[in-house]
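Quick note: the coordinates plus some simple rules give every number you see, no bench work behind them. Predicted, not measured: the structure shown is a model, and the values here were computed from it. Quick reminder, even Gly has a Cβ in these numbers, built from the backbone with ideal geometry, and neighbours come from all protein chains shown.
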Amino acid sequence: QVQLVESGGGLVQAGGSLRLSCAASGRIFSINAMGWYRQAPGKQRELVADITSGGRTDYADSVRGRFLISRDNAKNTVYLQMNSLKPDDTAVYYCKAKVATVQGISAMTGDYWGQGTQVTVSS
């Protein structure tokens, strides 16, 4: 019904930058919050950053000042610009969106996840 497709992961040296993208498609009525989460091996999935439809943002303390989240509402796309990357940023990064979908004559809201994209930062 709703698909989130991420791109932009890869291997980068410490201090480098990457930009992640996540595009939502399907029977979308509207998208509320969009965000990025990450999960490193042996650790729980954690919030990296999120952004409301109005543009209000929130960041994990570990990335504040280095990462920037943004979105293009016309394209149903959220971005994560990651600068000054550290080996500790190595993880699978997941996109999440709270989406209202059309169901007959009504709309229902649910959380949708992307498939994840690997980010590896070498020291």
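Along the range 55-61, what does the Karplus equation 6.51 cos²θ - 1.76 cosθ + 1.60 (θ = phi - 60°) give for ³J(HN,Hα), rounded to whole Hz, x for Gly and Pro?
Taking θ as phi minus 60°, the curve returns x, 6, 10, 9, 10, 5, 4 Hz for the range 55-61.
Counting Lys and Arg as +1 and Asp and Glu as -1, what is the net charge of the other residues whose Cβ lies under 13 Å from the Cβ of residue 85?
Values: positive: 19, 38, 66, 86; negative: 88, 89.
Cβ neighbours under 13 Å give a net charge of +2.
Based on the Cα atoms of the range 7-94, what semi-axes does the equivalent ellipsoid have, where each is the square root of 5 times one gyration tensor eigenvalue, given in whole Å with the largest first?
Details: eigenvalues 105, 34, 33 Å².
Those come to 23, 13, 13 Å.
Please turn the phi angles of the range 70-86 into ³J(HN,Hα) values with the Karplus equation 6.51 cos²θ - 1.76 cosθ + 1.60 (θ = phi - 60°), one per residue in order, whole Hz, x for glycine and proline.
8, 8, 10, 5, 5, 9, 6, 10, 10, 10, 9, 8, 10, 10, 6, 5, 10
Report the charge-dipole magnitude of the chain in Debye, nearest 20, computed about the Cα centre from +1 at each Lys and Arg Cβ and -1 at each Asp and Glu Cβ. Kindly include the intermediate steps, with their values, before the conclusion.
Numbers: 13 positive and 9 negative charges, 22 e Å.
Approximately 100 debye in magnitude.
State whether the range 1-46 is rounded, prolate or oblate according to the following rule on the C-alpha gyration tensor (a ≥ b ≥ c being the square roots of its eigenvalues): a/c under 1.5 gives rounded; otherwise a/b larger than b/c gives prolate, and the remaining case gives oblate. Spell out each step's value before the answer.
Details: a/c = 2.70, a/b = 1.75, b/c = 1.55.
The shape class here is prolate.
Once Lys and Arg get +1 and Asp and Glu get -1 on their Cβ, which of 5, 107, 91 lies farthest toward the positive end of the dipole of the chain?
107
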